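The values are calculated or read from the model by the stated rules, or taken from the named source; none is laboratory data. Note that the structure is predicted; figures quoted are calculated from it, not measured. Cβ coordinates were reconstructed from backbone atoms using ideal geometry, including for glycine residues, and neighbour counts include every protein chain displayed. To get the accessible areas, we keep the full protein, side chains included, count just its heavy atoms, and leave off ligands, DNA and RNA. Shrake-Rupley method; radii C 1.70, N 1.55, O 1.52, S 1.80 Å.
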Amino acid sequence: MLLLTGANGKTGREVLKALVAKGETVRAFIRQESQWPDLQALGASEYAVGDMADGPSIDSAMEGCQKVVHIGPPMHPDEKAMTQCFVELAKKHQIEHFIYYSVMHPLRRDVRHHSLKLDAEEVLIESMLPYTIVQPIRYMQHLLPIWNTVVETGVHAMPFNTQVKFNVVDLKDLAEATAIIATTPGHLYATYEFAGPESLSQQDMAEIISDVIGRPVSAQAVTLEQVADKARARGFNEDRVKQMQIMNKHYDECGFLGNPNVLSMVLGRSPTRFRAFVERLNR
Ligand SMILES: NC(=O)c1ccc[n+]([C@@H]2O[C@H](COP(=O)([O-])OP(=O)(O)OC[C@H]3O[C@@H](n4cnc5c(N)ncnc54)[C@H](OP(=O)(O)O)[C@@H]3O)[C@@H](O)[C@H]2O)c1
């Protein structure tokens with residue numbers, strides 16, 4: 001049995017589907033019982049209701065599990081403490097493989113949620129648990145919430161300048177790679193950087209989208225304040241809004257570049273290119 005945290009989230013649902021496709025038996029760690037039917041439909045075998053800030057609920061969720069895939073909530077100020085709690089309880093339950101879903105370049109000390117994941121990685125490595133750490137770069141799926149607008153208006157807008165480059169990666173590839181790590185031998189004590197195969201600016205991405213949909217698309221940088229207003233409208237708290245601004249400012253200055261070799265090795269194939277991702281969206 002594998003305990004999957006963050007199971008109801010964007011990443012968790014894709015990882016759940018990929019684990020089930022590889023034949024893994026999954027217990028989904030969720031916050032509310034009402035979330036269970038959806039996850040059962042995706043193939044989860046069991047569920048445990050709990051909170052990542054509540055040790056006793058994690059303790060009982062881990063009962064009878066041999067593996068954990070821990071996906072923490074995005075930009076959470078307690079990422080280190082939460083992971084620490086999972087790691088301590090994983091030792092108690094003699095978990096045979098603890099897979100921690102981190103982020104690429106956790107060493108970016110000026111971006112708090114990267115830095116907290118580095119602290120969490122340190123806790124895991126020092127625990128002596130059999131672990132694998134996956135470090136994904138920015139997802140291609142950030143296009144999803146704006147896809148209809150891009151198609152309707154011909155404007156591809158992101159909160160950083162249009163020339164800075166990213167090796168965006170397909171979340172489906174990340175999920176498949178995580179499932180391979182969880183279900184096949186040979187991945188213990190590895191830290192894997194997972195990035196997409198091309199370094200693309202928003203301008204490059206706009207050109208690819210334009211080509212696929214057969215209409216002009218231009219890239220546009222939106223201001224950090226516009227993004228903050230949208231985030232507040234979605235109900236994000238001020239801490240999350242601030243962390244998003246720090247991240248986007250950092251992207252504006254440095255982009256997010258990485259190398260696809262490790263992801264290719266784990267998948268046994270080349271990672272998905274941005275054009276193929278857009279063609280999938282446009283179907
Ligand atoms: N997006 C990217 O480009 C990217 C890149 C690299 C790494 N990551 C990492 O991927 C991880 C997942 O991101 P995501 O976008 O998939 O997040 P998400 O869609 O917001 O999902 C987060 C999940 O965690 C659950 N959750 C939140 N707080 C919880 C708590 N206190 N106790 C129990 N469950 C809790 C949420 O439950 P509810 O469903 O009840 O709300 C939700 O199901 C993050 O750690 C992020 O840093 C993301």
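How long are the three semi-axes of the equivalent ellipsoid for region 107-221, computed from the Cα gyration tensor as the root of 5 times each eigenvalue, in whole Å, largest first?
Equivalent ellipsoid semi-axes, largest first: 34, 17, 10 Å.
Quickly work out the Gln32-to-Glu225 label distance, labels modelled 7 Å from Cα along the C-beta direction, and quote it in nm with one decimal.
Each label point is offset 7 Å from its Cα along the Cβ direction, giving 3.5 nm.
In straight Cα distance, which lysines are under 18 Å from Lys67, not counting same-chain residues fewer than 8 positions off?
Within the straight-line limit of under 18 Å, Lys67 reaches these lysines: Lys17, Lys22, Lys91, Lys92.
Can you work out the PRE-style zone for Ala276? Point 7 Å along Cα to Cβ, and I want the residues of region 20-40 with backbone N under 20 Å.
Within reach of a label on Ala276: 21-22.
Between Gln226, Gln84, Gln66, where does the largest GNM mean-square fluctuation fall for the chain, given springs only between Cα atoms within less than 10 Å?
Gln226
Just the accessible area per residue of region 204-283, please: how many Å² with a 1.4 Å probe?
57
Please compute the per residue accessible area over region 1-132 with all protein chains in place, 1.4 Å probe, rounded to a whole number of Å².
43
For the residue pair Met1 and Glu122, what label-to-label distance in nm results when each label sits 7 Å from Cα along the Cα-to-beta-carbon direction?
Label at Met1, label at Glu122, 3.4 nm between them.
Taking 0.36 nm per residue of sequence separation and subtracting the Cα-Cα distance, how much length would be gained by fully extending the chain between Leu107 and Val151, in nm to one decimal?
Value of the extension gain: 12.2 nm.
Any idea how far the Cα center of region 60-108 sits from the one of region 140-192, in Å?
Taking the Cα centre of region 140-192 as reference, the centre of region 60-108 is 22 Å away.
Using Cα positions and a limit of under 18 Å, work out the aspartates and glutamates in reach of Lys172, with same-chain residues fewer than 8 apart set aside.
Cα-Cα hits under 18 Å: Glu14, Glu24, Glu193, Glu198, Glu279.
Ignoring ligands, DNA and RNA, please state the percent of accessible area on the chain from carbon and sulfur, probe 1.4 Å.
In the chain, the share of accessible area belonging to carbon and sulfur is 51 percent.
As an exercise, identify the chymotrypsin sites (Phe, Trp or Tyr not before Pro) in region 138-190 lying in DSSP coil whose Cβ has no more than 10 other Cβ atoms within 10 Å.
Listed in order of number, the matching sites are Tyr189.
How much of the DSSP beta bridge set in the chain is antiparallel, as a percent to the nearest 5?
Taking every DSSP beta bridge with both residues in the chain, the antiparallel ones total about 5 percent.
When every alpha-carbon pair in the chain is counted, what percent end up more than 34 Å apart?
19
Starting from the Cα gyration tensor of region 129-283, multiply each eigenvalue by 5, take the square root, and state the resulting semi-axes largest first in whole Å. Walk me through the numbers on the way to the answer.
Values: eigenvalues 160, 83, 37 Å².
Ellipsoid semi-axes (Å, largest first): 28, 20, 14.
Helix-derived [θ] at 222 nm for the chain: sum -39500 (n - 2.57) over DSSP H runs of at least 4, divide by residue count, nearest 500?
Numbers: 12 runs with 129 residues, N = 283.
About -13500 deg cm²/dmol.
Skipping prolines and chain starts, which residues have an amide H placed within reach, meaning under 5 Å, of the one on Leu200, given they are 5 or more residues away or on another chain?
Residues meeting the amide H criterion: Phe166, Asn167, Val168.
Stretched out fully, how many nm does the piece from Arg269 to Ala53 gain, at 0.36 nm a residue minus the Cα gap?
74.0 nm
So if the hydrodynamic radius of region 56-118 is defined as the Kirkwood radius over C-alpha pairs, what does Stokes-Einstein give as its diffusion coefficient at 25 °C and 0.890 mPa s, in µm² per second?
D, rounded to a whole number, is 198 µm²/s.
Sum up the charges of everything whose Cβ sits under 11 Å from the Cβ of Pro145, counting Lys and Arg as +1 and Asp and Glu as -1, but leave Pro145 out.
Residues near Pro145 contribute +3 overall.
Pick out which of Gly154, Gly23, Gly214 has the largest mean-square fluctuation in a Gaussian network model of the chain, springs linking Cα atoms closer than 10 Å.
Checking each option, the largest mean-square fluctuation is seen for Gly214.
Just the Cα atoms of region 149-206: what Rg and Dmax do they give in Å?
Here Rg and the maximum Cα pair distance are 16.0, 48 Å.
With a ≥ b ≥ c the root eigenvalues of the C-alpha gyration tensor of region 205-283, is it rounded (a/c under 1.5), prolate (a/b larger than b/c) or oblate?
Working: a/c = 2.19, a/b = 1.41, b/c = 1.55.
Judged from the Cα gyration tensor, region 205-283 comes out oblate (a/c at least 1.5, b/c at or above a/b).
Measure off 7 Å from each Cα along the Cα-to-Cβ vector at Lys249 and Asp78, then give the distance between these two points in nanometres to one decimal.
Those two pseudo-labels are separated by 2.7 nm.
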